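Peer 1: Dropping the structure in here first, questions after.
The values are calculated or read from the model by the stated rules, or taken from the named source; none is laboratory data. Since the model is a prediction, treat every value here as computed from it, not as a measurement. All Cβ positions, even for glycine, are placed from backbone atoms using ideal geometry, and neighbour counts span all protein chains on display.
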Number of protein chains: 2
Amino acid sequence: MAEDHEISELTPQAQNLKNRYELEVEGIDYFVRFMNLLGLPRSVGEIYGLLYFSKDPMSMDEIVKRLGMSLGSASQGLRTLRSFKAIRTTYVMGDRKDYYVAETEFRTLIGTFIKEEIMPHLDSAGQRIERMSHHMEALQDLEDKSFLQTRLKKLERLKKGAAAVLPTLVGLLKL
Amino acid sequence: MAEDHEISELTPQAQNLKNRYELEVEGIDYFVRFMNLLGLPRSVGEIYGLLYFSKDPMSMDEIVKRLGMSLGSASQGLRTLRSFKAIRTTYVMGDRKDYYVAETEFRTLIGTFIKEEIMPHLDSAGQRIERMSHHMEALQDLEDKSFLQTRLKKLERLKKGAAAVLPTLVGLLKL
DNA sequence: CAATATTTTCAGAAAAAAATGAAATTTGTC
DNA sequence: GACAAATTTCATTTTTTTCTGAAAATATTG
């Protein structure tokens, strides 16, 4: 029994490290899932999670070491995160590496995501609806034509509704 | 030149068919992209698009024939669409097949999606935050502890905000 | 309740997405 | 401006997702 204890009981310092570590792992997992919900690859979530729970700025090679991922993934992931303004670079004196910090203003982050990822889709959706309407106008069969007219109107309303609601959403998220 | 005309000019009926066809193709493409945005496979978008622009209910084998997809994909896709209440079955007299119609109330559709796909994530997110907070409380290093406390609070607020905003979103979509 | 039509399931194939790592490029330093 | 460090790119590999199709299960009709 004494032996068991020696194996399973930790010193306070060790327990502390373990807590910090588990918190970080769970935090990374949290953002992996979150980013996944937005259709972003796991590596992006891992990097953001690591940075979000790190007090100090981190360089790419540190990130690579800590997450055990390839340079390529890290570079690609950092680029994605920068494009959403989810991270920013920090100058660290006397070091030529770039250092990264997580941007924690989720509102900005989600706003950028909507603007860059969703809105373009809505624009092309609008164009597509127009082309369809054009085809619809030319139809001979009046019953079919009016059916399609109704459907297209509904699509149009969905598109307009989304275009109106999404920016509002960001405002609501003022938290 | 005369020959060219004979090849490229269509009779009104043929032009009509072509319009109807192109409208349908573009419509299907529309929903493929839309569903893709929600992380759903292309087959699901194809089926929904086909049904959305079809005046008449369609059986699975018709869908398979029209879209050139496998029975397996069709069955799986129809199941997914049913689970979101994006389609419903219709009884057609004197036929033992199931017939499907698109549900065109996007508000319901999106509502179901949020309830079934997003909300469960928010629940587990809440649990994960709790576990992390628990680890955080036990930390020795007070500076690190208070840093993490701030970060966790922010996460908590994001989660609460999302949980509050998403159902509102559905309401706003009243179109 | 047997015969047949319809739908579902699921193991394997195909396609798509993501990760790797080494070469190429860029950036910063002396 | 040459050198070295840091970063990006991209062809290839690995992993994950989606599709297929035939077999199993289910439902319907006479």
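Peer 1: Take the residues in region A:134-158 that are more than 9 Å from chain B (Cβ to nearest Cβ) and of a type in the set (S, T, N, Q); name whichever of them is surrounded by the most Cβ atoms within 10 Å (Cβ to Cβ).
Peer 2: Per the stated criteria, the residue is A:149.
Peer 1: While we're looking at this one, here's another question. Of the numbered conditions (1) without any contact (Cβ under 8 Å) to a residue 40 or more places away in the chain; (2) within 24 Å of residue B:117 (Cβ to Cβ), residue A:111 satisfies every one except a single condition; which is it?
Peer 2: Just one mismatch for residue A:111, condition (1).
Peer 1: To continue, here is another question. Quick one: count up the residues across region A:84-113 that are within 11 Å of DNA strand D (Cβ to nearest atom) and part of a helix (DSSP H, G or I).
Peer 2: Matching residues across region A:84-113 total 0.
Peer 1: I'm trying to understand the selection: among the residues of region A:58-77, which are more than 8 Å from DNA strand C (Cβ to nearest atom) and over 14 Å from residue A:97 (Cα atoms)?
Peer 2: Residues satisfying the conditions are A:65, A:66, A:67.
Peer 1: With (1) within 16 Å of DNA strand C (Cβ to nearest atom); (2) away from chain B (no Cβ under 11 Å) as the list, and residue A:119 as the residue in question, which single condition is left unmet?
Peer 2: Every listed condition holds for residue A:119 apart from (1).
Peer 1: For residue A:21, state whether it is farther than 24 Å from residue B:118 by Cβ, assigned to a helix (DSSP H, G or I) and away from DNA strand C (no atom under 13 Å from the Cβ).
Peer 2: yes
Peer 1: Can residue B:44 be described as part of a helix (DSSP H, G or I) and surrounded by fewer than 20 Cβ atoms within 10 Å (Cβ to Cβ)?
Peer 2: Answer is no for this residue.
Peer 1: A follow-up question, please. Among (1) in contact with a Ser or Thr (Cβ under 8 Å, 6 or more places away or on another chain); (2) away from DNA strand C (no atom under 16 Å from the Cβ); (3) more than 17 Å from residue B:136 (Cβ to Cβ), which single condition is residue A:11 missing?
Peer 2: That leaves (1) as the condition not met.
Peer 1: Which of (1) within 14 Å of another protein chain (Cβ to nearest Cβ); (2) within 8 Å of DNA strand D (Cβ to nearest atom); (3) not in a loop (DSSP other than H, G, I, E, B) does residue B:50 not meet, given it meets every other one?
Peer 2: Here residue B:50 meets the rest and fails (2).
Peer 1: Out of region B:59-83, which residues are in a loop (DSSP other than H, G, I, E, B) and hydrophobic (A, V, I, L, M, F, W, C)?
Peer 2: Selection gives B:69 alone.
Peer 1: Return a yes/no flag: does region B:74-91 have any residue that is over 20 Å from the mean Cα position of the chain (by Cα) and either within 24 Å of residue A:143 (Cα to Cα) or among the acidic types (Asp, Glu) (or both).
Peer 2: Yes, the conditions are met somewhere in region B:74-91.
Peer 1: Now, a different point. Kindly establish whether residue B:90 is under 30 Å from residue A:29 (Cβ atoms) and assigned by TED's automatic domain parsing to the domain that holds residue B:20.
Peer 2: No, not satisfied.
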